[in-house]
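For reference, the structure discussed in these notes is given below.
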């Protein structure tokens, strides 16, 4: 179950097999069925999650009952409420499986042991957090400076199979538009107008 994690880590940094074998002892493999939660709003985020297989979504629900999707985490991605994970404070997010998923979970105490004993993993997570900050800033700026159609096109460009794996109302939530607007954009693209 750890083959994909090993591959993804080695795409970013070089890690010895010995260090990776040690790291494996700190992770908890978990299978999560579709529509099940690994984190719910109000609970502290106990794990940082690596998606070996499947698809997760991180989202919050506003006072009107509308959900706002922060992230889709596909195979090879990490997911967590990092603030809650690091502080132990209650999370504002839900993390739900959109497909049957195979996950690798690591607790905060195990994460600390990993970072202390395997400097390569400390570098790996630093790079991931840097890249996440950059992607988050670009996504935020994109909501201010691009049209809904441009955001949708960018999503399809970055994740070509997303529309087959995720319901349209979730795609609309992720790019910050209504279902009706997404439907109109999809029709315009289909008809070439």
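The values are calculated or read from the model by the stated rules, or taken from the named source; none is laboratory data. Everything numeric in this text was worked out from a predicted model, so none of it was measured. Using ideal geometry, Cβ is built from the backbone for each residue, glycine included, and neighbour counts are taken over all protein chains shown.
Are there strands (runs of 3 or more DSSP E) fully within segment 43-121 with at least 2 residues that are buried (at least 18 other Cβ atoms within 10 Å of the Cβ), touching a helix residue (DSSP H, G or I) at 6+ places or on another chain (Cβ under 9 Å) and touching a residue at least 12 places away in the same chain (Cβ under 8 Å)? List them.
Per the criteria, 47-53, 55-61, 67-74, 101-107.
Can you pull out the residues in segment 184-193 that are touching a helix residue (DSSP H, G or I) at 6+ places or on another chain (Cβ under 8 Å) and surrounded by 14 or more Cβ atoms within 10 Å (Cβ to Cβ)?
Those that are touching a helix residue (DSSP H, G or I) at 6+ places or on another chain (Cβ under 8 Å) and surrounded by 14 or more Cβ atoms within 10 Å (Cβ to Cβ): 185, 186.
Kindly provide the set of residues from segment 7-22 that are within 19 Å of residue 129 (Cα to Cα) and either touching a strand residue (DSSP E or B) at 6+ places or on another chain (Cβ under 7 Å) or surrounded by 14 or more Cβ atoms within 10 Å (Cβ to Cβ) (or both), ordered by number.
8, 9, 12, 13, 15
Take residue 127 and tell me if it is within 20 Å of residue 14 (Cα to Cα) and either at pLDDT 95 or above or part of a helix (DSSP H, G or I) (or both).
Judged against the criteria, residue 127 is a match.
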